[in-house]
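Asker: Pasting in a structure now, in structure tokens, and then I'll have a few things to ask.
Every number here is computed from the coordinates shown, using simple stated rules; none is lab data. Bear in mind that the values here come from a model prediction, so they are computed numbers and not experimental data. FYI the Cβ positions are ideal-geometry reconstructions off the backbone, even for glycines, and counts take in every protein chain you see.
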Amino acid sequence: MQPPFPVRPPCLRPGDTIGIVAPSSPVPPAKLAAGIATLERWGYRVVVAPHVLDRRGHLAGRDEDRVADLREMFARPDIQGIFCARGGCGCIRLLPHLDFAALAQTPKVFVGYSDVTLLHTALNRAGLVTFFGPMVSVELARPLPPVAEQCLRSLVTEPAPLGLLADPERPAQAVVPGHAVGPLAGGTLSLLCQSLGTPWEFHAPGCLLFLEDVHEPLYRVDRMLTHLKLAGKLDAAAGFVIGRLHDADLDAEPPLPLSAVLADHLADLGKPVAIGLPVGHVPGTLTLPLGVRAELDVTPTSVTLRVREPAVAERGCPN
């Protein structure tokens, strides 16, 4: 069960120190340096965890070293935020070796997406609000569109509700009209499926469930959505916000439209469904605050997603 209320990390301020971790795949040094320069331009000091540039095959170093880096960044009192360098593969190997309840007792802004979904899920279950957003050696290594930069920086620095979460030039589209309110939950679809049956299985009862992925043919998206439905995860959600899910270039046969597949799985639930929120594996990703209450309103002609609570706390104030 999720805790009855979220733990919001203290807001970031100019001059704060951000720690960089690499919990998944190896990190390109030049891109890491470019992303660090972005954070420094925003007014932050940056500390790179000791093993960020390690490499062990498809992993950013040994499991025990990646675990040690995460523990250190959460434990250090001089670190106010933690940003992941990149995704890839490897977070699932770390889960048995981390005490997420203990990590949540030293709450800090935690940012990443993709493979980092599994760390978000475990931290959210421990009660900590986290941020499904840009990574240092990927999006921050090149200029973010102004709307994406403003979204991230507002969420992690302002102890006030964000309000509308959208990119006017990339509006979400209606699939099933309706209205729902609940905490934001979810992440990358394939990683959410991998969590099922483990002690870190994601929970979304009463939540607005966000789903996105990349490099997936439609038959796999269909299969994963079926998996979530059979596991009761779709029935439990209050509504659905869908990002990019499907890579048509990988389809071996002409597929159904994605909207039809979503309707097959979600339309009979009587809950609002929107598609096309530019969060996750899309250029200029917006940031989604996981664990924060939001309101989804879907009409046949428009989609509105509003964040109704602060994602961070004022320094020195209780949550």
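Asker: How many lysine pairs does the chain hold where the Cα atoms are under 29 Å apart and the two sit 8 or more places apart or on different chains?
Answerer: So the count of such lysine pairs works out to 4.
Asker: Binning at 20 Å from 0, report for the chain what percent of all alpha-carbon pair distances ends up in each bin.
Answerer: Per 20 Å bin, starting at 0, the Cα pair percentages come out as 35, 59, 6.
Asker: Could you order the peptides 263-275, 280-292 from most to least packed, using the average number of other C-beta atoms within 10 Å per residue?
Answerer: Working: 263-275: 18.2, 280-292: 23.5.
Descending packing order for the listed peptides: 280-292, 263-275.
Asker: Filter the GluC sites (Glu not before Pro) in the stretch 67-171 down to the DSSP loop ones having no more than 10 other Cβ atoms within 10 Å, then list what survives. Working shown, then result.
Answerer: Details: sites: E72, E139, E149, E169; in loops: E169.
Sites meeting the loop and neighbour criteria: E169.
Asker: May I ask you to work out the translational diffusion coefficient for the stretch 1-103 at 4 °C, viscosity 1.567 mPa s, via Stokes-Einstein with Rh from the Kirkwood sum over Cα pairs, reported in whole µm²/s?
Answerer: 90 µm²/s
Asker: Can I ask one more? Does the stretch 280-319 classify as rounded, prolate or oblate by the C-alpha gyration tensor (a ≥ b ≥ c root eigenvalues; a/c under 1.5 gives rounded; else a/b over b/c gives prolate, otherwise oblate)? Working shown, then result.
Answerer: Working: a/c = 3.91, a/b = 1.61, b/c = 2.43.
Oblate.
Asker: Here's something else I'd like to know. Over the chain, with a Gaussian network built from C-alpha contacts below 10 Å, which listed residue (A68, A185, A122) shows the highest mean-square fluctuation?
Answerer: Taking springs between Cα atoms under 10 Å, the residue moving most is A68.
Asker: Can you tell which of A122, W42, T17 lies farthest toward the positive end of the dipole of the stretch 17-157, using +1 and -1 charges on the Cβ of basic and acidic side chains (Lys, Arg; Asp, Glu)?
Answerer: W42
Asker: Name the residue from G90, G232, V67 whose Cα lies farthest towards the positive end of the charge dipole of the chain, charges +1 on Cβ of Lys and Arg and -1 on Cβ of Asp and Glu.
Answerer: With unit charges placed on the Cβ atoms, the residue in question is V67.
Asker: From the Cα gyration tensor of the stretch 163-307, with a ≥ b ≥ c the square roots of its eigenvalues, which class applies: rounded if a/c is under 1.5, or else prolate if a/b is larger than b/c, or else oblate?
Answerer: rounded
Asker: I've got another one for you. At a Förster distance of 35 Å, what's the computed FRET efficiency of A68 paired with H215, Cβ-Cβ distance as r, to 0.05?
Answerer: The value I calculate is 0.70.
Asker: Does the stretch 139-247 come out rounded, prolate or oblate by the C-alpha gyration tensor, with a ≥ b ≥ c the root eigenvalues, rounded set by a/c under 1.5 and, if not, prolate when a/b is larger than b/c and oblate if not?
Answerer: Here the stretch 139-247 falls in the prolate category.
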